[in-house]
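Participant: Before anything else, here's the structure in question.
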Amino acid sequence: MIHLVGPYLLAAALVGLGVAGIALRRNAVLLLVGVELVLSGGLVLLVATQAAGADRWAAGSVLPLFTITIAAAEVVVALAVVLAVFRQRGSIDLDRRSEPEDAP
Amino acid sequence: MTALDTAFTASGVLAVLGGLFAVTTRHVVHAALWLVVALLGVAGSLLVLGAELVALVLVLVYVGAVVVLVLFALMLTRAPIGPDVAHAAGRWRATGAGLLGLATAGLLATALVPLADGTVERADVTTTQVAGQLFGTWVWPFELLSLLLLAALVGALAVARGDRAVDGATAP
């Protein structure tokens with residue numbers, strides 16, 4: 001027996017924390033920490049539907065696996081972009097504008 | 001309040017505290033390590049909800065691979081050892097970000113909490129059932145995911161490698 005308010009509140013708190021992190025961080029790598037928190041909130045929500053017995057085709061377990069895989073792929077590509085930007089501009093500050101001489 | 005509720009509350013509090021410190025700490029490496037704590041809390045709560053496979057995959061992929069990647073990227077972008085003063089957010093920005101996060105959490109909570117209709121019996125989905133569905137109903141999305149991973153791998157390699165040939169040609 002489990003009460004469903006717990007998973008729902010946890011998912012809401014994780015998504016809120018992730019959004020706050022995305023808005024707060026200026027370091028491009030640490031922005032991804034917020035993205036991971038938002039995605040983990042989604043995972044909790046998906047698994048909570050399974051625990052409530054409301055899913056077909058074991059979707060409450062399979063869709064989180066898909067989400068984790070897609071998140072891993074997203075992080076790899078995002079970090080590659082961050083590294084390329086760092087090599088070109090020497091900074092990963094998201095607030096800094098690119099100088100005119102950086103433009104092609 | 002049953003034992004499951006108590007265990008869920010404990011791991012949920014761990015996850016929220018880890019997430020809070022991961023978002024607010026000024027030490028960049030500490031942020032990645034607090035993310036490990038938060039994800040372990042999430043994995044514990046998934047375990048309480050009865051999804052053992054998802055919890056183990058979360059620990060393997062997120063804690064094992066993604067956080068290590070983030071740490072490598074922090075090192076490669078010359079993360080400072082102490083507090084990161086170069087990327088410190090101003091007070092107005094911190095207030096705005098906190099308000100935005102609170103608004104999002106409040107909106108989600110007000111939408112979701114009325115849907116929780118009391119205590120439910122936890123449905124047990126065994127790993128055998130998950131495997132059967134994964135390679136039965138979900139086999140085409142599963143195969144598509146392998147293509148996605150391959151594309152992400154090749155794309156990340158191409159982007160991170162940069163266009164060295166062009167640089168070499170234009171360099172004097």
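Participant: I'd like to know if the range A:17-40 contains one or more residues that are crowded, with 20+ Cβ neighbours inside 10 Å, at the interface with chain B (Cβ under 7 Å from one of its Cβ atoms), more than 26 Å from B:Leu144 (Cα to Cα) and hydroxyl-bearing (Ser, Thr, Tyr).
Facilitator: no
Participant: In the list A:Ala78, A:Ala84, A:Ala71, which residue meets the criterion of being under 24 Å from B:Val66 (Cα atoms), hydrophobic (A, V, I, L, M, F, W, C) and touching a residue at least 40 places away in the same chain (Cβ under 8 Å)?
Facilitator: Only one candidate passes the filter, namely A:Ala78.
Participant: I would also like to ask the following. Listed residues A:Ala78, A:Ala52; which is within 7 Å of another protein chain (Cβ to nearest Cβ) and surrounded by fewer than 22 Cβ atoms within 10 Å (Cβ to Cβ)?
Facilitator: On inspection, the qualifying residue turns out to be A:Ala52.
Participant: Please work out which one of (1) part of a helix (DSSP H, G or I); (2) surrounded by 15 or more Cβ atoms within 10 Å (Cβ to Cβ); (3) among the hydrophobic types (A, V, I, L, M, F, W, C) is the condition B:Ala151 fails and give its number.
Facilitator: Exception for B:Ala151: condition (2).
One line per residue, one yes/no per condition, for (1) within 23 Å of the chain's Cα centre (by Cα); (2) free of Cβ contacts under 8 Å to residues at least 40 places away in the same chain; (3) not assigned by TED's automatic domain parsing to the domain that holds B:Thr25:
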site	(1), (2), (3)
B:Ala86	no, yes, no
B:Gly90	no, yes, no
B:Ala94	yes, yes, no
B:Ala97	yes, yes, no
B:Leu100	yes, yes, no
B:Thr104	yes, yes, no
B:Leu115	no, yes, no
B:Val130	yes, no, yes
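The values are calculated or read from the model by the stated rules, or taken from the named source; none is laboratory data. As the structure is a computational prediction, the values presented were derived from the model and not from experiment. For neighbour counting, all protein chains shown are included, and Cβ atoms are generated from backbone atoms with ideal geometry for every residue, glycine included.
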